[in-house]
Every structure is written in structure tokens, then in C-alpha cells.
Amino acid sequence: MDDLSSANLSEAKRALLQKYLLGELTLNGARRINARTEPSADQSAQKEPDVDFPIDGPLPLLSEAQADRSPGAIAACYEDQVLTYDTLNRKANRLAHHLRKRGVGPETLVGLAVNRSLEMLIGALGILKAGGAYVPLDPAFPRERLRFMIDDARLAIFVTQEELAAQLDQSDAVVVKLDSDSDLIVRESVENPISNITANNLAYVTYTSGSTGQPKGVQIEHRALTNFLCSMRREPGFTAEDIFLSVTTLSFDISGLEFFLPLICGARVVIAPRDAMIDGRLLKDLINTSGATVMQATPATWRMLIDAGWTGSDRLRVLCGGEALSRDLANDLLARCDELWNMYGPTETTIWSSLSKIESTAGPITIGHPIANTQFYLLDGSINQTPPGEIGELYIGGLGLARGYLNHPKLTVERFIADPFADSADARLYKTGDVARFLPDGRVEFLGRTDTQIKLRGFRIELGEIEATLTGSGNIAHAVVILREDQPGDQRLIAYVVAKDGERIDARKLRLQIEKKLPDYMVPATIVELDRLPLTPNGKINRKALPAPAEIHRHSREALVQPRNDTERSIARIWREVLKLEAVGIHESFFELGGNSLLAGSMLARIRDSFEVDLPMRAVFAAPTIAELAREIDRREPDRLIPAAIPSKSKSRRRLSFPQERLWFLDQLNPGSAAFNIPLAARLTTPLDLAALKRSIEEIVRRHEVLRTVFPTRNGEPVPVVSSATEVDLVLIDLTVFPETERETRARTIVKHETLRSFDLANGPLLRTTLVRLAETDYIFLITMHHIASDGWSMVLFFNELSRLYEAFSHGEPSPLAALPIQYADYVAWQRDWLAGEVTRKQISYWKEKLGGELPALDLPTARPRPNVQTFNGARKWLVLTEAQTEAINELCRREGATLFMTLLAAFKVLLNRYTGQEDIIIGAPIGARPLTETENLIGFFLNNLALRTDLSGNPNFREALARVRQTSLEAFANQDVPFENYFNLFNFTEDISLPGANDKISFVDAWSQSEENFSKFDLTFYAGIDERTLKLAMVYNVDLFDEAFIARMLAHFESLLNGIVANPAGAISDFTLRESYRTASGSDRIVGSVLCPASGRYRSRFCNEDHFERFERSEIEQSITSRFEQQVRKHPAKMAIKSEHYDWSYAELDGIADRIGRSLACLSPEVEHVALLFEHDAPMIAAMLGALKAGKTYVPLDP
């Protein structure tokens, strides 16, 4: 065993988790159970001794007994309202009798929807006294979620309040309103109802999130609840002198401790108002004024209290649970309270299942030992017990187990299994999915629920797969791959390799080898050769000690050819700065080194400064290496240098930039629209210094004047006005008071609401910041800017600056950021002066030639007439291609020497040609317009739109059409400095933006986001991007013009067109057959609706030739084999799928094996369509068949 001292604990955890996740710790468990030496019982499990609690006495009887003992004692308080034990018991009795007359009895589920008040306690206790089980319905939940819970639980009776009754929307149900029905309820008897409850009856059903996307109801019986309450009364131990402060909602199952434990101890519960639950200042005051001696909360709530200045209470016992308790927070709490207890337990085992009293300020934080009548087992994959110190999955047994999931018997069987270690045949274990281990002293250490994956640019990547590929290629003895971020926002994969037998590594050959096996995004940006890997004292690889690539003097990616002259040396220096590389060779491609169009723009701006020559963007595509760029620079006569922008001496006559004027004009036409909001959310999983965060945001606002600029109207014209105030309102919304299972839903609602809030350009502010707290170390930071002050690259700059400033301010250091050379207003002045001169004459001439004369109006069929004034009401429709389709398209790009953007743009123009029959097509494409090095780090609106016009006359084949689009794109990049807004003046376009001449028809964007789209800035916007090896396409469309069905058909036709292009790029554009085949979420194909007739080239809603096309209804098309199989996997994951002499595989196991085979086959060239299968007649043969089908291959079985 490793040394588990505190100094090595974190590394030991990581090592154990890595082994567990890679399957190394389950190898022994794969043997037969009788082939393994079993650990002794005291080593392999934690069994709290059985305690003879009155588990057959349900909560109502226990609370009635306490009311008899202390009738005049205060039972509950809410603000200025108080209930004694006798009053509470009488009110609950009246409600119970009232409910019994309405049919409530044992096993009756009653919806409980009340606002935070004493009625929560009366309602819950009254339902239990009537014999029913309450189902908490939080009024703050979204209506759709409440509707699902009500339908799933089949609720027919509710206890609520008048103001909430309408929210339940239950006209046919029995609804008891505690306030408006009080005249009826008060007439009922105050005597205790005769109990007809047994320990096996349900006490409550609480909903928790489900993996299927819908919540699931957990059924808790009276036996489990009574055992829990009695165990808590014993340890930590509570008496009638205690005052419980309740800060959790009724729908959070841990509220059962706060509401019911005091009622069996004679203690008092103080119900905190909702405002105090999310406001640390109010909560700390309430702790003091209530005299609380016990408070239970999540780590995030305790951190909120401390951040609010809570100094503690020497009489308060702190119960902390719901998420992992960090050592730092534990130490802060230890200094502020009388006792600190760490609590652990899933909902399925009734609130808390274990507890640990934290007394030391050092050592690991454990979840301690089980509560009474509860057993903990750590088991391997074969349900064998693990020895002390070995990692395993935690299984819980005992009286606390739930009955199961309401109306989900299959899921219940999967998660609640028979207890193989118990004497009783009815005993069960709950499979928690939590990873833990026993420490030598018998305590349980929770290690979390985690995996070994990382994410890079949206791709999920298994580092072990890259390492295995490296060690399997040539003479590599050891390989380690990590994700580094040596520069803020610049994440890269770095591989560290050690050669066998002291040999040297041919880095170029190694890279070529792994590029054949791994997709581009998994190929390390840098391969670093080391003599040996650094190790920890325990002999493990010390990943923290791996050097940054910049520290390596020997560049091992490939044998580099050094610069040969001053031009090449200057370009190499620029590349090293832009790409953040230590060394580059003159024959390496800029794009293969990690460059992109944004970095290319930065690189060209630096070249301009160094050589006084303006290279167009197309030059980088045509000459992507240092050697080629150097020849291009030396060949050209120095063009006139773009003058540098300087700070303006006069601020009295500020003006808007050309794109800002356009947005202001659109805002006047559509006041209150959020169409031009730019929202961006970041997940922060670390404790936050809120003061440092707020100060960092305000420093960014101080640095960038555009974030302090508003645009009031004077004499009908917008005038930029810069405010001197830099204070920012950082809105903090604390969701930790709500059940953990509900926080994500609430957070999404908050984010959506914030995204849809409009800006007031005249009064500002044009930047909003919101911080949503989901846990102690889990936040969502949301920033929303108006496009008039920002763009996509500016959002990246904002977060880069925020990261560096926060790091400095949180450590008491000054700002590390250099002063900005200019402000956005200075850039605006420069842009107008420059465009007014002769320097742009060539670019203007190009656009006059390209767009002069009568422009084609794209005759795309619309469902409704075009409004007189452009609207922005939008929706989004997705199309996700398979990995095989994506790789085939990328291969086509490589063969044709075009970018993915150019290829998709060409295909889209072909599609529009087929829909309209038009040959002259214009599509807009946004591009970042930052021609000056001074603007590289400047926040502002620098986006420009290029009008890409392509002639598809003559029925060219696709290769020729792609060549035309490529030429058009490169020409447009070379002339990108003329603002799109100036087209109106250059060509006398009308300002009626509803007309097609204004180029507001279609936009094509080679990027996308997962956010919902409620706006459409153009008629159609086509988004494209790679995510997790697949090409994702989205169409954002104006719903005032197009129907969803039309857009769905259009995307289906586009997929069909892409398939045809990949299969035959030499085919004429009119010959591609377009079928409406679309891919469902399960991956199956459908063929529905209509086709595009090649003969006419125009879209038809009916088939143009019944002899060639047959119409199918959706219901007539069978699903694919893999789709049907995956449906069975979801329905019966644990059910036996294959049983033979050598193999016993469940559906889930078979699916996992087939997936791994499919992923391996998907890495093959798209040209490899057939896969030979040579197997004996056994289970692996079936897995291979499924894997081949999942990869989109055709298998050819070969009989051995």
C-alpha cells in the first residue's frame, strides 16, 4: 500500500482513481469469488452495530408522544409566528382528519406545495398522521417539471395554498388549501387520529434528477425515516435544549432532519425565510437572533456565510453535507463553531447514511462511519469485497434503504441488488456509484465520481489512448500526455516520451505514425523527448514536475530547418510569439502548428509592422510556411504601410464606427430586442474570492472605455458618451439553498432569462455580470454584452484579462496587465481617416467590380410574405453528421486544398442553386477585422461581413465550383478592410433593410455554440463546427419567413448533397440526387417527404418523376439494427444479452464492447467500407458485427 500520510494523500488519491478508472483494480475481481482470498469481515465492511430503535413506531406517534411530554414548549418558529407542540399537534390532527375524509390513507401519495412557512410543517405532519405519504412540490420549480412529477406520481390530491393552487393546474383533483379552506379544516377533531400506519408504509416520495433527463421519485418508508431520526438523536446527539435553524427547502430530502428530528427530541425548529437562505448577511443575523444551536447546510452555504463576514458561534453545532467538504472550509468552520460534523448519504438511503466528527485541522476529511443499523461495503466489479485501502464502489445496506424508484421497477432492480453478505434473503444493497476506500483506522474516505477524460476545444479526449498510441509506435518506452495551459486561454496537448535503450527519437517519423491513428485534435501540439520521466517518492509519474515545452532546449517535434536570412528570422520570431512555441522550422505549416484565421490575422499585423508590407489573408493559405512567406515578402514592393492608430487628443467629437452605426440603426427599428446580445457563461469549480472577482471586472471596465460608453441621441444622431464610473454590479444568486438535484435546472432558467434581457443603448450599462452559486466550489459566471461594444474575440480577451487580474488581486498583487496603447474610440477615428484616403482605393475598386450593377435577389421560397421592416425572431435547427461522414469531408478538404469553411460554403451554394435555379449567388460571412497590432488586445466591435459572390453558371462539377468559391473567398479576405456598412454608400443601396440588395439574406459562419437561438439576424444563418469528432451544422432562421418543416428538409437535403459530393466530387452540380434523409437522436436514418428534381434544379413539394422516386411514410421505415439494439440497452442494461460457455455479457457490457470496436473501425479511412470478421461462433463475433455496423461499415463474415 502507498503511504497515505497527509503529505501524499492527494497524489495517492489521484493514483488510485487512475488505476480504478483504467480497470487495473478490478482485475482480481474478475475471477470467481471462491478463487480469491476474502478479507476478514472487519476489514472489508463497515457495519454499525444493530440498535433496537422503535422502528415500528412511525414519526406521527413519536411526535404525539413528545407533544404529550412538552405541550407548552415551542415547537416551531417562522419570522414572528410561533407554534407550541400542542398547537402544532392540534393543527396537524385537524388536517389529518380532513384528509382522511377525502380518501387519504396508507400508500396514498399527497402533493405538498406550500410556500416557506409554518404551513410546511403542518402540511407534512398532517399528511403523515392521515396515513399518507407526502410528495414535496417546490413552488419555485418550473411548471413543466412540476407537471412531470405530478403525472409520474399520479397525484390525485394536493395540500397547498390559495396562491399556488392555480400553478398546480389540477381541476379534476382534490385540492386542500390550508389558508382558504381553514374554515372547513378548523371544524375537524383535534384528537390524534387512530394510527393505521406500519413501518412498511411510505412516508414520503422525493424526486431527484435522473440520467434519462427526467427526475425519478425515491420512495422512503416509515421504518427508514424512524431509524434515521433515532440514530441522529443518538449521534451527533440532540436534546430538548437545541434550536434547529432550517435553511433547506422541503423538496430537498435533508429537510427531513430539520423538520422532524426536533419533534421527537422536544427541540425547536426555526424556519428561515427564503431571502435568508440565499443572502449570507441575512443568514448570519438570523443565526444570532434565533439562538440556533444546530444548523445543517451544504459547504457552499457555509462558505457564503463566511464570505458575508460570519465570525461564528461557540454554541453552534455545524452539520455539513450534500457535497465534499474541503479541508480549507473545514478549518474555517472549526474556528467558528462548537462542533463540526461531515455528513454523507444518497437520497436512496434516507438523508444521511454516515457521519464523521471533524476535530483536527490536519489529515483527510472522511465520511466516517455508518449510522445505526446501516452497513457499508466496498466492492469490485464482481461484487467481491475489497481489502482496506483498495478502492471500490460503495454499496450501502441496512434499514435506511428506500423501497425503490416510483414506477421504475427496472431501475430499482438495477440499483438495489440482493445483499450477498446478509443472513436475510430480503436484505438488499444500494449501488451508489460513489468511489471510496477504507482507511487503516476503519473510516471511509470518499473519493468522488470522476473519470480520466479531458476536454480540449469541445472534444472529449482519453489521454491514455494517446499514450498507448505513442508507446505502440516504434522505439518509445514510456509516454505521458497532459493538457497544459502555460498561457491563459491557450490549452495544448503536450506529449513527453522516453526512448528505448537510450536511442534517439525521430520526431518527424513518430508524428507521421500517430497522425495515421489519431484524429487531428488528439495529436499533441508538441512532443518533448526526455531522458527519463520525473517520479514522486512513491515511484509514480510526477506530472506536476514535467517541464513546460519552453524549458526544453532540444525541440523534438521534428528536425527543424533553421532560418537562413533576416526575413526568415523575423518571421520565425513572429510565429514563436503568436503560436507560443519555443522554436519553429521554416518548412512547417502555420496551420499544422495550431494556427487559425484569428492567429493568422495577428501574425499578418506583426509582419506589417516589421516589413512595412501588407500581405492579404490569402497569402497565408498560398504560402503557409516561413520559407514561402519570406519569398512572398521579398518579391513584393513594400505597399504603403497602414498608419498606426494613436490616442486621440480630442474627445469632444467622438463618433461611432461603421458597424456600430449599423447596430444602432437596427436597435432603433427594434427597441427592446435582445437580438444583438452576446452572452457567455463559464463554469468555475473553485472557491471564489468575490471581492477580487468584482475588482477584476471593474479593472477591465476601467481599461476599456467602450465598456463604459453609452449612445444617447442628439439631433437624431447617436453620440458616444464615455462614463468615468467603473463600478460594476456583480449580481450573486445563491442556489445552494435548493436541493442539489434542482440547481442545474434553476441555473439554466437564470441564464436563459439573463440572455433574453435587452440593453438600453442610450443609458447603459452595456455589460452585465451575474454569478450563480451551485455549490461551495461550483459557480456559473455569466457575462452579457451588447454587440455594439464587443464581439466574439473580445469575449475571449475579457476572460483572459479576468483570469490574470483575479490571480493577482486574490493574492494581494497589483494588476499584471500592460496599459492599452489606444482605446476603441481612437480606432474609430483612425478607421474613418484611413478609409477617407487613397489607401483603400484598390479594395473599393474590387468591391465595385464584384458587387456593381444589379445584384441578384435570392428567390428562396418563404412560407410568409417578407415584412416591411426586417424582424429578428428566430429559431435553430440542428444536423449532426457521423464521425465517418465528418472524416470523409475533412479528407476531401485535404485533397482539394481547401478549408472546411470553403468546402461547406461551396456545398451550401450548390444547395441554394438547386433550390432556386439561380447561378449568381451572394452569401455573407463574418470575419474578424483587426488590422492593427494595437487592436489585438482591445475589446470592441471589430466584426466585418464579407459579401461572397460566386458564379455557378455552366453546370460545373463540384471540384470546379469549390475552386470558384475558394478564389472568391481569398479575394474577399484580401479586400476585407472596407466595412460592409460602406457598401450602401459605394453602390447606392437603399436603407430599406427588408430588401435583398442589403445582403441581409443569408450568412455563413464557420463556428457555433450550444446556446439556444431566439434571434435571427439574417433570413438564414448557417453555422458549422467540429465537436467531438463530428461535424455539427445548424440553421438559424427567421420564423416570420420560414417554417420549421422547410428548414428540416433543407438540412436533410444538405446532408444528402454532402454524401454525394464525397462519393463523387467530379459530378456535375445538377446531377446530385437530394433525398430527405435525416439522422435521429438515436442515429437511425429516415427517408420522408420530397426530393429535389435534378432535371429542373428547383425545389418541388411533389415528386417530379414517380418512376424514379417512391414516397415513404416515417412509420413504414424500419430502424437500423444498431438503433434497435441501443433501445434494448437503455431498457434492459443489466439484463443478460449473451451467455455462452466462456462469456456472460449484459446488454450494457455488450454495448460497451461494441462501441470500442466501432470507435477503432471509425478511425479507418472512409474508403475502407468493408470489414472482414474472422471469429469462432461465440460472443465476440456478435460484438464485432455490432461494432462494424456502429462504425458505418459493411461486415463480411469469414468462417474459420
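Using a ≥ b ≥ c from the Cα gyration tensor of segment 1121-1198 (square roots of the eigenvalues), is it rounded, prolate or oblate, where a/c under 1.5 gives rounded and otherwise the larger of a/b and b/c decides, a/b for prolate? Here segment 1121-1198 falls in the oblate category. Sorted into 5 angstrom bins from 0, the C-alpha pair distances of segment 658-831 split as 1, 7, 16, 19, 19, 15, 11, 6, 3, 1, 0 percent. The packing ranking of peptides 760-771, 495-506, highest mean first, is 760-771, 495-506, where packing means the average number of other beta carbon atoms within 10 angstrom of each residue. The listed peptides 470-478, 623-631, ordered by packing as a protection proxy, come out as 623-631, 470-478 (highest mean of other Cβ atoms within 10 Å first). Applying the Karplus relation 6.51 cos²θ - 1.76 cosθ + 1.60 with θ = phi - 60° to segment 322-339 yields 3J(HN,Hα) values of x, 6, 5, 8, 7, 5, 4, 5, 4, 5, 4, 6, 4, 7, 10, 9, 7, 9 Hz, where x marks Gly and Pro.
Going by a ≥ b ≥ c, the root eigenvalues of the Cα gyration tensor, does segment 194-298 fall in the rounded group (a/c under 1.5), the prolate group (a/b larger than b/c) or the oblate group?
Details: a/c = 2.49, a/b = 1.24, b/c = 2.01.
It comes out oblate by the Cα gyration axes.
Ranking request for peptides 1059-1071, 82-94: highest mean number of other beta-carbon atoms within 10 Å first, then the rest in descending order. All intermediate terms of the calculation are to be shown ahead of the outcome.
On the way: 1059-1071: 16.8, 82-94: 21.4.
In descending order of packing, they fall as 82-94, 1059-1071.
R0 = 56 Å: FRET efficiency of Ala240 with Cys893, Cβ-based, nearest 0.05? The formula returns an efficiency of 0.15 here. Under a 5 Å amide H cut-off, with hydrogens placed 1.01 Å from N, Thr84 pairs with Ala75 among residues at least 5 apart or on other chains. Each of Arg484, Arg714 has some number of other Cβ atoms within 10 Å of its Cβ, and from fewest to most they run Arg714, Arg484. With Cα atoms defining each centre, segment 65-144 and segment 1024-1050 are spaced 51 Å apart in the structure. In this structure the amide hydrogen of Val1171, modeled in the peptide plane, comes within under 5 Å of the amide hydrogens of Thr1194, Tyr1195, Val1196, none closer than 5 places in sequence on its chain. For segment 566-635, the square roots of the Cα gyration tensor eigenvalues, ordered a ≥ b ≥ c, give a/c below 1.5, which places it in the rounded category. Residue-wise HN-Hα couplings along segment 876-887, as the Karplus relation 6.51 cos²θ - 1.76 cosθ + 1.60 with θ = phi - 60° gives them from phi, are 10, 10, 9, 9, 10, 7, 7, 4, 5, 4, 4, 5 Hz; Gly and Pro carry x.
Note that segment 285-290 has calculated 3J(HN,Hα) couplings of 5, 5, 4, 6, 6, 7 Hz, one per residue in order, obtained from phi through the Karplus relation 6.51 cos²θ - 1.76 cosθ + 1.60 (θ = phi - 60°); glycine and proline are x. For Gly392, the residues 5 or more places off, or on other chains, whose built amide H falls under 5 Å of its own are Ala436.
Throughout, read-outs are computed from the coordinates displayed, never taken from laboratory work. Just so it is clear, the structure is predicted and the values come from calculations on it, not from any experiment. FYI the Cβ positions are ideal-geometry reconstructions off the backbone, even for glycines, and counts take in every protein chain you see.
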